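The values are calculated or read from the model by the stated rules, or taken from the named source; none is laboratory data. For clarity, every value in this text was computed on a predicted model and none was experimentally measured. Counting neighbours? That spans all protein chains shown, and the Cβs are built from the backbone with ideal geometry, glycine included.
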Amino acid sequence: MIDEGLRTELSRQGVVTTTLQELYNWGRKSSLWPLQFGLACCAIEMIATSMARFDIARFGAEVFRPSPRQADLMIVAGTVTKKMAPQIVRLYNQMPEPKYVIAMGVCAISGGPFKEGYNVLKGIDRYIPVDVHIPGCPPRPEALLQALMTLQDKIDKQPLTGDNRPPHLDASAPGEFPIPAFGQHDLEPPNNPALWQPPPMTRAE
Amino acid sequence: MEALEQLKARVEAAVPGAQAEIVPNGSPANQPSLSLDCGHARTVAEFLRDDPDLRFDYASNVTGVDWPEKTIKEKIKVKKLVSGVEKEVEEVCERKTPAYLEAVYHLYSMARKHGPLILRLRTENRSDKVTLPSLTPVWRSCEFQEREIFDLYGIIFEGHTDLRRILMWPEFTDHPMRKDYVEPDDYEYEPTPHDDVLTRARQHYPGGTPA
């Protein structure tokens, strides 16, 4: 690794130095193409984010792709009903690595106001790994931009080697997640235990 | 629009054999409704739509109700022998009304600018005899809403052209809006559990009640 002092000195002289990791991550974080789909009212805020006033293009994420094969980022914008959940997981599986997920709004995080309902999934993180959660009902476009920036920071810090490398560079990491089946009373299984476990109870002393 | 009593009489006169019953509404809305017998409901609906004075051409809303078994307590005066003398004694008599499912239709007339007229159709019980005549052939707007009732309450609409589940998936076997629906046991932590949720919280976290 190049010394930080030497590096600033070199850049002052007009010599730019970088590492493969920085260059690679800079390229990935600067062109996150979201999958074009919305589930409920959060999608309206997502659309607003992509329009001129908030302009998600400033972050290189304006290319909403209608096909999962071309998308890097899944923005789960809205209530995930149990009837819709298998399709979401299937779309996620169809996206090529590296791929990221933003759960937008309380419904996508936990079921939100519909948590006790019979038809709503209590959070998409039961079936697919979520990188950034944004609370809000719906979150403001600024919140989505904040989530995107958080995700960019996360990508920026991902090492290309070692134990903390992202799943797409780890051959043993699962590439696909099981799609839940429609059961007689509920989705089967109701969650992916490898990804999600019911929270244990902790008491404040 | 004419009064409901008058309308009931006209319906019964126009459709031979039809029986309508006025269901009073004790709430502040005071909106009584007309309960029809299932056998003639379709003909009555056609009469309501086509009669030149009524012209109920718009079914704005169809919904379902699940009525559980009810015990009605009534005081009845009975003549009884009390210590050898015949006396009138008040007795509390308990009467049970069977459980049934109900479909409620709200009708308006765009042409005559009146409404709503509320129709009720009742099933015989809520287990095996849950068939009602579909009014979709009369009012097209009932199609999706009758499907929703079929999905959530389990009323089977005879004469409906496309009776499938609309909100839940086809493999689903329950009817979530029925009173006896048992939802899948997927409780997790709630910050402020109460009532039923508190009971479930205690079952899932027997170590202690959530703070």
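Among the residues of the stretch A:179-203, those that are in contact (Cβ under 8 Å) with a residue 24 or more places away in the chain and either of a type in the set (Gly, Ala, Ser) or within 14 Å of chain B (Cβ to nearest Cβ) (or both) comprise A:179, A:180, A:181, A:182, A:186, A:187, A:190, A:191, A:192, A:196.
So that you can scan it fast, the table gives a plain yes or no per residue for (1) part of a helix (DSSP H, G or I); (2) among the charged types (D, E, K, R); (3) buried (at least 18 other Cβ atoms within 10 Å of the Cβ):
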{"residue": "B:1", "(1), (2), (3)": "no, no, no"}
{"residue": "B:13", "(1), (2), (3)": "yes, no, no"}
{"residue": "B:27", "(1), (2), (3)": "no, no, no"}
{"residue": "B:40", "(1), (2), (3)": "yes, no, yes"}
{"residue": "B:43", "(1), (2), (3)": "yes, no, yes"}
{"residue": "B:87", "(1), (2), (3)": "no, yes, no"}
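Identify, from the list B:126, B:120, the residue that is of a type outside the set (Phe, Trp, Tyr), assigned to a strand (DSSP E or B), in contact with a strand residue (DSSP E or B) (Cβ under 8 Å, 6 or more places away or on another chain) and at negative phi.
Working: B:126 fails: assigned to a strand (DSSP E or B).
Sole residue among the options that is of a type outside the set (Phe, Trp, Tyr), assigned to a strand (DSSP E or B), in contact with a strand residue (DSSP E or B) (Cβ under 8 Å, 6 or more places away or on another chain) and at negative phi: B:120.
Screening residue B:141 against (1) among the polar types (S, T, N, Q); (2) touching a residue at least 40 places away in the same chain (Cβ under 8 Å); (3) under 17 Å from residue B:102 (Cα atoms) leaves a single unmet condition, (3).
Just checking, which of B:94, B:102, B:88 is among the acidic types (Asp, Glu) and modelled with pLDDT of 85 or more?
The match here is B:102.
What residue, among those in the stretch A:158-178 that are in a loop (DSSP other than H, G, I, E, B), surrounded by fewer than 17 Cβ atoms within 10 Å (Cβ to Cβ) and in contact (Cβ under 8 Å) with a residue 12 or more places away in the chain, is farthest from the other protein chains (Cβ to nearest Cβ)? Step through it out loud before you land on a result.
Pass one, the stretch A:158-178, residues in a loop (DSSP other than H, G, I, E, B): A:158-166, A:170-178.
Filter again for surrounded by fewer than 17 Cβ atoms within 10 Å (Cβ to Cβ), leaving A:159-165, A:170-178.
Subset that is in contact (Cβ under 8 Å) with a residue 12 or more places away in the chain: A:159-160, A:174-178.
On the way: A:159: 34, A:160: 36, A:174: 23, A:175: 27, A:176: 22, A:177: 19, A:178: 17 Å.
Looking at the filtered set, the residue picked out is A:160.
When every residue of the stretch A:131-141 is checked against the conditions, at least one turns out to be surrounded by fewer than 16 Cβ atoms within 10 Å (Cβ to Cβ), farther than 17 Å from residue B:184 by Cα and basic (Lys, Arg).
Applying the set (1) assigned to a loop (DSSP other than H, G, I, E, B); (2) more than 27 Å from residue B:69 (Cβ to Cβ); (3) of a type in the set (D, E, K, R) to residue B:143 leaves exactly one unmet item: (1). Of the residues making up the stretch A:84-99, not a single one is in contact with a helix residue (DSSP H, G or I) (Cβ under 9 Å, 6 or more places away or on another chain), more than 14 Å from every other protein chain (Cβ to nearest Cβ), over 23 Å from residue A:176 (Cα atoms) and among the acidic types (Asp, Glu). Select from the stretch B:174-197 the residues that are in contact with a Pro (Cβ under 9 Å, 6 or more places away or on another chain), modelled with pLDDT of 80 or more and within 8 Å of another protein chain (Cβ to nearest Cβ) and list them in ascending order. Within the stretch B:174-197, B:183, B:184 qualify.
Criterion applied to B:126, B:200 was being surrounded by 12 or more Cβ atoms within 10 Å (Cβ to Cβ), away from every other protein chain (no Cβ under 14 Å) and at pLDDT below 90, and the one residue passing it is B:126.
Restricting the stretch A:32-75 to residues that are hydroxyl-bearing (Ser, Thr, Tyr) and in contact with an Asp or Glu (Cβ under 9 Å, 6 or more places away or on another chain), the residue that is surrounded by the fewest Cβ atoms within 10 Å (Cβ to Cβ) is A:50. Applying a threshold of 7 Å to beta carbon distances and a minimum spacing of six or more residues, or different chains, the list of pairs starting in the stretch B:151-168 at a residue that is over 23 Å from residue B:124 (Cβ atoms) and ending at one that is loosely packed, with under 15 Cβ neighbours inside 10 Å and among the hydrophobic types (A, V, I, L, M, F, W, C) reads B:166/B:144.
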